[in-house]
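I have placed the structure first, in the form of structure tokens, so that the comments after it can refer back to it.
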Amino acid sequence: MTVIVTNSYDDSCLHAARMIREVVSAQPHAKLGLATGGTPLPIYRQLIAWCKSGELSFANTRTVNLDEYVGLQGNHPQSYRYFMDENLFNHINIDKANTYVATGLGNPEESAAQLEAKVYEGGVPALQLLGIGANGHIGFNEAGTTLTAKSHVEELAASTIEANARFFDTAADVPTKAVTMGMKGILAAESLVLVATGANKKAAISGLLMNDVVTPENPATFLKLHKNATVIIDTHLADLIGYQY
Ligand code: GLP
């Protein structure tokens, strides 16, 4: 695992955006694995800026997203399809037909099976972008998940529902289930880039960076098994966990 400690969250996002730019420039037909949540937003803003200035083209890029809430239609403002359209796809020159976010409607098991196929269709992602939940969840792989888990329907942890309630009117409006890529598919990507910031990620990132333990109780620790994983944190988070840089 490569650990990058930057001076600020903005710098972390710029670093991640540059890593994505490198992949898209070198392999215009590459598939990108994308993530939602608040953390990657500045990364997407940077990619949009480069696309608008003509420095980067997504004309032949394909994408697959980590997860989607069960029960939300793609035009629901809190659905991850809507999030991706609003925060990235609508502003870059990507062919929407080449973007895949699992459907939240219909049979969730079928949606998970479709997502699993999309992870591998035409080759695995050259780069999978990741955020991290406060409890260490990756995508929506909660504590207790396995290394071999394929895309599946996940029952969200109470803490995840609480953390994501900020995007909904009330916590009761947060879906309790999601379709998520499993750890197997996530780890299949050629490279992984995880960005984390903020004090609420302290315990999860400490488990990832401060020991050699790999445990399903902190799914992020599975990244230790990947041959090309980069974790990008800022000095504030590094200092909080006592990481030397
Ligand atoms: C959700 C998403 C994850 C994301 C996490 C953290 O649970 N499914 O992919 O990493 O939130 O989000 P944030 O970046 O807003 O802290």
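The values are calculated or read from the model by the stated rules, or taken from the named source; none is laboratory data. Computed from a predicted model, the values in this text were never measured in an experiment. Neighbour counts run over all protein chains shown; Cβ positions are idealised from the backbone, glycine included. For accessibility, only protein heavy atoms count, side chains too; no ligands or nucleic acids. Shrake-Rupley method; radii C 1.70, N 1.55, O 1.52, S 1.80 Å.
So here's what we get for this one:
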quantity	calculated
Count of residues meeting criterion [of a type in the set (Lys, Arg) and open to solvent by less than 10 Å² (accessible area, probe 1.4 Å)] in segment 57-106	0
Residue match in segment 212-233 (condition: over 28 Å from Arg21 (Cα atoms), within 14 Å of the ligand (Cβ to nearest atom), outside any helix (DSSP H, G or I) and free of Cβ contacts under 8 Å to residues at least 24 places away in the same chain)	no
Residue that is farthest from Ala134 (Cα to Cα), among those in segment 177-197 that are within 13 Å of the ligand (Cβ to nearest atom) and open to solvent by 20 Å² or more (accessible area, probe 1.4 Å)	Lys177
Complete set of residues in segment 154-176 that are within 14 Å of Ile138 (Cα to Cα) and charged (D, E, K, R)	Glu154, Glu155
All positions within segment 136-151 that are out of contact with any Asp or Glu (no Cβ under 7 Å at 6 or more places or on another chain), part of a loop (DSSP other than H, G, I, E, B) and within 14 Å of the ligand (Cβ to nearest atom)	Gly136, His137, Thr145
Every residue from segment 152-173 that is near the ligand (Cβ under 9 Å from one of its atoms) and open to solvent by less than 30 Å² (accessible area, probe 1.4 Å)	Leu156, Thr160, Asn164
Residue, nearest to Leu34 (Cα to Cα), within segment 107-129, restricted to residues that are of a type in the set (A, V, I, L, M), open to solvent by 10 Å² or more (accessible area, probe 1.4 Å) and not in a loop (DSSP other than H, G, I, E, B)	Ala117
Those residues of segment 1-20 which are touching a residue at least 12 places away in the same chain (Cβ under 8 Å), open to solvent by 20 Å² or more (accessible area, probe 1.4 Å) and closer than 22 Å to Lys227 by Cβ, in sequence order	Met1, Thr2, Val3, Ile4, Val5, His15, Met19
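Yes or no, residue by residue, for (1) aromatic (Phe, Trp, Tyr); (2) touching a helix residue (DSSP H, G or I) at 6+ places or on another chain (Cβ under 9 Å):
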residue: Tyr82; (1), (2): yes, no
residue: Ala97; (1), (2): no, no
residue: Ala102; (1), (2): no, yes
residue: Ala113; (1), (2): no, no
residue: Gly123; (1), (2): no, no
residue: Phe140; (1), (2): yes, yes
residue: Ala143; (1), (2): no, yes
residue: His152; (1), (2): no, yes
